[in-house]
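Structure record follows, encoded as structure tokens.
FYI, it's all coordinate maths here, none of it is from the lab. Worth saying up front: this structure is predicted, and the values here are computed from it rather than measured. Every residue, glycine as well, gets a Cβ built from its backbone with ideal geometry; the counts of neighbours run over all protein chains shown.
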Amino acid sequence: MSRVVHFEIQADDLERAKAFYGAVFDWSFEDFGQFTGSPYWGITTGAEDQPGINGGLLQRPAPTPGAGQGTNAFVCTVGVENYDATERRILDAGGEVALPKTALTGMAWQGYYLDTEGNTFGIHQPDPDAK
């Protein structure tokens with residue numbers, strides 16, 4: 001069984017978003033740009049011995065939906081043991097590739113998909129040899 005292991009928040013202004021989430025929830029941020037090749041801040045939401053998951057903050061790649069135009073939400077990422085087998089299951093079930101498998105160099109394989117309802121989600125396979 002695969003569990004949600006990560007979430008992402010897209011923002012127009014990364015510094016403003018960091019200030020907001022830091023002030024509201026006491027979250028802390030770490031620069032992960034060296035892994036992603038673009039601005040990306042890892043979010044620590046709490047102590048490792050407490051329930052919950054950590055996430056990421058990234059630059060919004062497209063305009064936000066207008067008022068009344070649907071949800072502008074976090075993207076959850078599911079941890080998987082075998083990226084390629086999971087991708088095959090996604091596609092066989094009617095899902096679509098949103099952003100293809102990408103190496104987070106020295107960390108993992110990451111990709112994004114659309115479910116049959118058009119919702120975006122990610123899959124993530126840890127792999128220190130990813131490149």
Notebook entry, point to check: Quick one: Debye curve from the C-alpha atoms of segment 35-106, no solvent, what's log10 I(q)/I(0) at q = 0.17, 0.20, 0.22, 0.25 Å⁻¹?
Noted result: -1.02, -1.24, -1.29, -1.29
Margin query: Can you compute log10 of I(q)/I(0) for the chain with the Debye formula, treating each Cα as one identical point scatterer, at q = 0.18 Å⁻¹?
Written below: -1.12
Next item on the list: Would you kindly derive the ³J(HN,Hα) couplings of segment 101-110 from the backbone phi angles with the Karplus curve 6.51 cos²θ - 1.76 cosθ + 1.60 (θ = phi - 60°), listing them in order in whole Hz, with x for Gly and Pro?
Entry: 3, 9, 7, 8, 3, x, 10, 5, 9, 9
Item checked: Ellipticity estimate at 222 nm from DSSP helix runs (n ≥ 4, -39,500 (n - 2.57)) divided over the chain, nearest 500 -> -5500 deg cm²/dmol
Notebook entry, point to check: Got the relative contact order for the chain handy, in percent, Cα pairs under 8 Å and 6 or more residues apart?
Noted result: 23 percent
Notebook entry, point to check: At what distance in angstrom do the alpha carbon centres of segment 1-73 and segment 76-128 lie from each other?
Noted result: 18 Å
Item checked: Loop-located GluC sites (Glu not before Pro) in segment 34-119 whose Cβ has at most 15 other Cβ within 10 Å (DSSP) -> Glu48, Glu81, Glu117
Next item on the list: Return the Rg/Rh value of segment 15-55, two decimal places, where both radii are evaluated on C-alpha atoms and Rh is the Kirkwood radius.
Entry: 1.00
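Ranked by Cβ crowding within 10 angstrom, fewest neighbours first, how are Asp12, Asp115 ordered?
Ranking Asp12, Asp115 by Cβ neighbours within 10 Å, fewest first, gives Asp12, Asp115.
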Check: Over segment 87-131, with a single point scatterer placed on each C-alpha, what log10 of the ratio I(q)/I(0) does the Debye formula yield at q = 0.33 1/Å?
Finding: -1.08
